[in-house]
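Encoded as structure tokens, the structure appears first; notes follow it.
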Amino acid sequence: NRVQNEPQTRSFIMCDILGGDITQSNYNPIDVINSTLSPLNSAIVNGWNGYYSALYQVNNLLAVTAKFPDSEISVRARGEAHYFRAYIYFCLVSRWGGVPLLRENTLDKLPADVWALIEEDLDTAASLLDTSESYYYVSRNAALALKARVMLSQGKMTEAARLAEDLITSGPYKLDSFDKIFRKKANTEIIFAFENISEESSINISDLFYTYGHPNKGQGVYRLFGANDTRKEMSVINIAGTDCLNKYPSGQTGKDPVIVSRIAELYLISAEAQGRSKGVGRLNELRRERGLDDIYPASDAAYVDAVLDERRRELLGENFIYHDMVRTGRAVERLGIQKFQLLLPIPGKELQLNPLLEPNPGY
């Protein structure tokens, strides 16, 4: 509940907002990026505070489970907690860089590189968890899928490809149609998602992506791109002349699941991590499933661009784009940002409370 809700809604689309593909219709993308990347911006502050608030509860759960090491429910809860701690720290380090690392709740205030802890937590989670009763619960495969993303983010391509291929070839997952994935129907694609039910005072992403012209209404108007493939109808809807994101269909009338991992991402991880000669098969397999022709880029650089463009079409609105541009060294050129904006600003109040922290350079 805390991991889902405390970072607040905009944390789940922060990389889309900063990635330039989604913006309010009366703003240029760079205006949105510049206004968002402020130490006082509420979305930045709420995200930082929310992740650490959730971390506090996760560490509490780990402390409790240590008292009951042989209990079946304690083992499962411990595995889930290690997964969520890794997820929290991935969100933090991929946006802010070096952040305070807390293996347990303490008043010590030491910034540190946290990638090693993320890998350790995911390995622990995978060792403790098995299958789950549905993809709304954490499983061993969810931990492996997140680790593949973590490895790709660090440039550890061999391990990223191995993890992705294991899930593609040995897991129970198959590429499925968008009308199932994003309309809460039974599907073979989702590995883990937050169910995001109203009873949990849950986040409402759907409210931000429709206009008041839609029957379900919404408070956001966004300018989006769309590809001419089978994903378009579920990705983009035109309402009174305005393109709106269509993956979260409830508007103000309800709440939609928030997908953390699905098998299409693993196809794209495998394609990128294996490189042009070996990975293009996975890339084209996904493209064919989405109604597109095969492609064969002529150079390694063109191949990475092709994979990233496919990620933009496949994962639009799922919180990847900005991080993809940053980790591949394309953010400054493609987004028009300055180099210091490759990291988010640490909230001003946090800098006042923690004298051992320093502002990210440039802010």
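The values are calculated or read from the model by the stated rules, or taken from the named source; none is laboratory data. The shown structure was predicted, so the numbers you read here are calculated from the model rather than taken from an experiment. Cβ coordinates were reconstructed from backbone atoms using ideal geometry, including for glycine residues, and neighbour counts include every protein chain displayed. Please note that ligands, DNA and RNA were not included when accessible areas were found on the heavy atoms of the full protein model with its side chains. Shrake-Rupley method; radii C 1.70, N 1.55, O 1.52, S 1.80 Å.
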Test for residue 331: is it farther than 16 Å from residue 15 by Cβ and of a type in the set (Gly, Ala, Ser)
no
Take the residues in the stretch 330-358 that are of a type in the set (S, T, N, Q) and within 29 Å of residue 28 (Cβ to Cβ); name whichever of them is farthest from the chain's Cα centre (by Cα).
338
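Evaluate the following for residue 97: is it touching a helix residue (DSSP H, G or I) at 6+ places or on another chain (Cβ under 8 Å), open to solvent by less than 30 Å² (accessible area, probe 1.4 Å) and in contact (Cβ under 8 Å) with a residue 40 or more places away in the chain?
It is false that residue 97 is touching a helix residue (DSSP H, G or I) at 6+ places or on another chain (Cβ under 8 Å), open to solvent by less than 30 Å² (accessible area, probe 1.4 Å) and in contact (Cβ under 8 Å) with a residue 40 or more places away in the chain.
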Residue ID - most open to solvent (accessible area, probe 1.4 Å), chosen from residues in the stretch 168-192 that are over 24 Å from residue 80 (Cα atoms) and hydroxyl-bearing (Ser, Thr, Tyr)
169
Quick one: which residue in 184, 180, 217 is modelled with pLDDT of 95 or more and either aromatic (Phe, Trp, Tyr) or out of contact with any helix residue (DSSP H, G or I) (no Cβ under 6 Å at 6 or more places or on another chain) (or both)?
180
Quick one: is residue 130 in a helix (DSSP H, G or I) and out of contact with any Gly (no Cβ under 6 Å at 6 or more places or on another chain)?
no
Do the conditions hold for residue 259, that is, is it touching a residue at least 60 places away in the same chain (Cβ under 8 Å), in contact with a strand residue (DSSP E or B) (Cβ under 6 Å, 6 or more places away or on another chain), surrounded by 21 or more Cβ atoms within 10 Å (Cβ to Cβ) and not in a helix (DSSP H, G or I)?
yes
Output yes when any residue across the stretch 166-173 is farther than 13 Å from residue 261 by Cα and touching a Ser or Thr at 6+ places or on another chain (Cβ under 6 Å), and no when none is.
no
For the stretch 55-72, check the following and say yes or no: at least one residue is in contact with a Phe, Trp or Tyr (Cβ under 8 Å, 6 or more places away or on another chain) and within 19 Å of residue 324 (Cα to Cα).
no
Filter pass, residue 304 being touching a Ser or Thr at 6+ places or on another chain (Cβ under 7 Å), open to solvent by 30 Å² or more (accessible area, probe 1.4 Å) and of a type outside the set (D, E, K, R)
yes
Output for the stretch 275-301, where each listed residue is under 25 Å from residue 162 (Cβ atoms), surrounded by fewer than 18 Cβ atoms within 10 Å (Cβ to Cβ) and among the hydrophobic types (A, V, I, L, M, F, W, C):
295, 301
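What helices (runs of 4 or more DSSP H), lying completely within the stretch 1-70, carry at least 3 residues that are in contact with a Ser or Thr (Cβ under 9 Å, 6 or more places away or on another chain) and open to solvent by less than 30 Å² (accessible area, probe 1.4 Å)? So that I can check it myself, show each step before the final result.
Numbers: elements: 2-5, 14-18, 29-36, 42-65.
Answer list for the stretch 1-70: 14-18, 42-65.
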Would you check which residues across the stretch 152-164 are hydrophobic (A, V, I, L, M, F, W, C) and under 14 Å from the mean Cα position of the chain (by Cα) and list them?
152
Just checking, does the stretch 346-362 include any residue being open to solvent by 20 Å² or more (accessible area, probe 1.4 Å), under 19 Å from residue 149 (Cα atoms) and free of Cβ contacts under 8 Å to residues at least 60 places away in the same chain?
no
Select from the stretch 311-347 the residues that are under 18 Å from residue 279 (Cα atoms) and at pLDDT 95 or above and list them in ascending order.
311, 314, 324, 328
